[in-house]
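Just passing along the structure, written as structure tokens.
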Amino acid sequence: MPNPDTETKTAFRLPPVAEKCVVRTKSGPDRKGHFGYFGGKFVPEILMPAITELEAEYRKARKDRSFKEELREILRSYVGRPTSLYEARRLGERLGGIRVFLKREDLTHTGAHKINNTIGQVLLAKRMGKTRIIAETGAGQHGVATATAAALMDLECEIYMGRKDTVRQSMNVFRMELAGAKVIPVDSGTRTLKDAINEAIRDWVTNVHNTHYVIGSVVGPHPYPVMVRDFQSVIGKEARSQLKKITGGLPDLIIACVGGGSNAMGIFYPFVRDQGVGMVGVEAAGEGVDTDHHSATLSVGRPGVLHGTMSYLLQDRWGQIKGAHSVAPGLDYPGVGPEHSALKESGRVKYVAVDDEQALAGFKLLCETEGIIPALESAHAVAYLAEAAEILPKDSAVLVNLSGRGDKDVETVAEIFRERGGK
Ligand SMILES: *Cc1c(COP(=O)(O)O)cnc(C)c1O
């Protein structure tokens with residue numbers, strides 16, 4: 001038997017054949033949902049019919065004009081799209097004279113990019129004749145966005161949430177209930193996100209005839225990573241034409257935070273073929289990547305299969321999934337979207353990690369210079385921006401995805417600052 005102790009010390013290397021695949025898959029997965037070595041649909045046989053149906057229906061819907069028009073109209077009138085692209089001049093000056101453009105997903109209804117995806121999926125579910133929506137949620141943000149979309153489109157909605165999370169995030173439980181959803185606390189396992197996902201899958205297997213399962217990021221089995229990316233790509237498409245109007249060109253660099261990776265995929269994807277545009281995905285280093293308390297999946301994880309897809313994961317030396325940590329609740333996931341794994345391997349996107357301290361500094365920086373309170377997730381992107389600014393040429397145009405607003409985090413931050421005597 002190989003010795004796992006020495007095995008973990010060797011850096012992971014893709015088989016040479018897989019490396020070739022990765023470089024070729026810039027524009028999306030093959031027909032089985034593989035992004036080169038990553039992706040796929042690793043699901044129990046009993047779920048295959050559901051996945052296959054979803055794939056076929058989604059393929060039809062994405063080409064259907066009436067579906068696209070209905071979606072566009074809801075995004076405009078209900079979500080508040082297009083969101084503004086705002087040039088943060090004071091921040092740019094503070095950072096040595098670069099031009100910073102913030103894509104303001106924080107200004108959407110419910111205050112984060114997650115709504116772009118849940119509206120898309122619930123509309124698709126309705127088109128498929130489903131009457132019931134289920135989802136899982138960790139911190140509650142995806143649960144709230146799903147409950148909101150289900151209320152809007154009058155579908156029954158049940159949200160699985162680890163018992164521990166329902167206590168920690170009781171306000172979000174109440175928000176979901178206000179929108180008419182039923183929150184089901186999960187008491188198995190660690191009573192957190194990963195167990196909630198297991199329960200949601202169990203539900204889906206039983207009720208697939210009338211139920212659609214809304215996954216909240218570019219993770220899970222094919223076609224979810226593609227579908228969620230497409231629904232979130234509205235961010236990058238808008239930003240591209242907005243920036244062209246302001247500067248006449250493309251950005252030099254795009255920065256986005258990465259939990260599961262949906263806001264990052266959404267802003268990166270429309271620029272992937274533009275070789276002159278640099279891209280950086282910012283993961284959460286939590287208390288440090290050399291501790292056990294971080295979520296830096298791409299930076300220090302290894303490939304494996306979780307929740308139906310092959311991708312980088314945080315796993316221990318026995319291949320068991322490790323707990324993730326970040327001061328930002330939305331980055332706290334031990335996996336990441338398979339397309340990000342492929343983009344990492346091909347070198348098209350660079351992935352870095354920013355720790356809790358740096359994120360808090362980024363949070364303060366944006367509040368002070370622009371009067372914008374970012375979500376702690378988005379503050380990771382701001383923190384990396386400050387780091388990158390030191391080596392960027394003056395007048396570089398940097399596009400930063402401000403994935404959400406920070407009202408939800410104000411109390412957490414206040415408590416941290418109070419403990420430190422106001423700093
Ligand atoms: C959930 C969340 C994230 C992380 O999810 P991704 O799928 O990586 O985008 C980032 N920012 C905010 C505001 C969130 O709510």
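Values in this text are rule-based calculations from the coordinates and carry no lab data. A quick note: this is a predicted structure, and the numbers were derived from the prediction, not measured. Cβ: placed from backbone, ideal geometry, glycine included. Neighbour counts: every protein chain shown.
With just the Cα atoms defining each centre, how far is region 189-229 from region 88-119? Give it in Å.
29 Å
Related question: Starting with the fewest neighbours, write out Lys32, Lys114 ranked by other beta-carbon atoms found within 10 Å of each beta-carbon. Working shown, then result.
Details: Lys32 10, Lys114 29.
Ascending Cβ contact count within 10 Å gives the list Lys32, Lys114.
Only bridges whose two residues both fall in the chain count here: according to DSSP, what percent of them are antiparallel, nearest 5? Write down the numbers at each step before the final one.
Values: 15 of 49 bridges.
Counting only bridges with both partners in the chain, antiparallel ones make up about 30 percent.
Taking the Cβ of Ala61 as the center, what net charge do the other residues with Cβ under 14 Å away carry, scoring Lys and Arg +1 and Asp and Glu -1?
Working: positive: Arg59, Lys60, Arg62, Lys63, Arg65, Lys68, Arg72, Lys126, Arg127, Lys130; negative: Glu53, Glu55, Glu57, Asp64, Glu69, Glu70, Asp230.
Neighbour charge sum, excluding Ala61 itself: +3.
Would you mind checking Lys364/Lys408; Lys68/Lys114; Lys245/Lys344; Lys63/Lys244; Lys41/Lys350; Lys114/Lys164 for any pair whose Cα atoms are more than 24 angstrom apart? Provide the component values of the computation, followed by the final result.
On the way: Lys364/Lys408 15 Å; Lys68/Lys114 18 Å; Lys245/Lys344 30 Å; Lys63/Lys244 27 Å; Lys41/Lys350 26 Å; Lys114/Lys164 22 Å.
Where the Cα-Cα span goes over 24 Å, the pairs concerned are Lys245/Lys344; Lys63/Lys244; Lys41/Lys350.
Next question, about the same structure. Which of rounded, prolate, oblate describes the chain, given a ≥ b ≥ c as roots of the alpha-carbon gyration tensor eigenvalues and a/c under 1.5 marking rounded, otherwise prolate only if a/b is larger than b/c? Mind showing how you got there, number by number?
On the way: a/c = 1.25, a/b = 1.16, b/c = 1.07.
Rounded.
Right, next: Suppose every K and R has +1 on its Cβ and every D and E has -1 on its Cβ; what is the size of the dipole of the chain about the Cα centre, in Debye to the nearest 20? Could you put the intermediate results ahead of the total?
Details: 55 positive and 52 negative charges, 287 e Å.
Dipole of the chain, to the nearest 20 debye: 1380 debye.
Rounded to the nearest 500, what is the chain's calculated 222 nm mean residue ellipticity when only DSSP H runs of at least 4 contribute -39500 (n - 2.57) each, over all residues?
On the way: 18 runs with 181 residues, N = 423.
Value at 222 nm, helices only, nearest 500: -12500 deg cm²/dmol.
Would you tally the net charge around Pro225, using a Cβ to Cβ cut-off of less than 11 Å, leaving Pro225 out, and scoring K and R as +1, D and E as -1? Intermediate values should be presented prior to the final figure.
Working: positive: Lys41, Arg229; negative: Asp230, Glu339.
Charge balance near Pro225 sits at 0.
Let me ask another. Between Ile246, Ile254, Ile184, find the one with the highest GNM mean-square fluctuation for the chain; connect C-alpha pairs within less than 10 Å.
It is Ile246.
Would you please give the residues with an amide H less than 5 Å from that of Gly404, counting only those at least 5 places away or on a separate chain, with H modeled from the backbone geometry?
Asp106, Ala375, Ser378
So for the pair Val300, His209, with labels modelled 7 Å out along Cα→Cβ, what separation do we get in nm?
With each label placed 7 Å out from Cα toward Cβ, I get 4.9 nm.
Still on this structure: When a/c reaches 1.5 or more, the comparison of a/b and b/c decides; with that in mind, is region 72-194 rounded, prolate or oblate per its Cα gyration tensor? Can you show the working numbers first?
On the way: a/c = 3.01, a/b = 1.51, b/c = 1.99.
Oblate, because a/c is 1.5 or more while a/b does not exceed b/c.
Considering only Val277, Val144, Val400, give the residue with the highest GNM mean-square fluctuation for the chain, with springs between Cα atoms whenever their separation is below 10 Å.
Comparing Val277, Val144, Val400 in the GNM, the peak value goes to Val277.
Using mean Cβ contacts within 10 Å as the protection proxy, how do 156-168, 375-387 order, highest first? Mind showing how you got there, number by number?
Values: 156-168: 21.6, 375-387: 27.9.
Result, highest mean first: 375-387, 156-168.
Pop the C-beta distance of Lys350 and Ser188 into the FRET formula with R0 = 45 Å and round what comes out to the nearest 0.05.
Working: r = 38 Å, r/R0 = 0.85.
FRET efficiency, Lys350 to Ser188: 0.75.
In addition: Fewest Cβ neighbours within 10 Å first, please rank Phe174, Phe35 accordingly. Present the calculation step by step, with values, prior to reporting the outcome.
Working: Phe174 13, Phe35 29.
Fewest-to-most ranking of Phe174, Phe35: Phe174, Phe35.
Also, quick follow-up: Can you tell me the alpha carbon radius of gyration of region 270-423 divided by the globular rule-of-thumb value 2.2 N^0.38 Å? If you can, show how the numbers build up before the last one.
Details: Rg = 16.2 Å, N = 154, 2.2 N^0.38 = 14.9 Å.
After normalising by residue count via 2.2 N^0.38 Å, the value is 1.09.
Give the long-range amide H neighbours of Gln315: residues separated by 5 or more places, or on another chain, with amide H under 5 Å away, using H modelled in the peptide plane at 1.01 Å from N.
The list, which skips near neighbours in sequence, is Arg302, Lys322.
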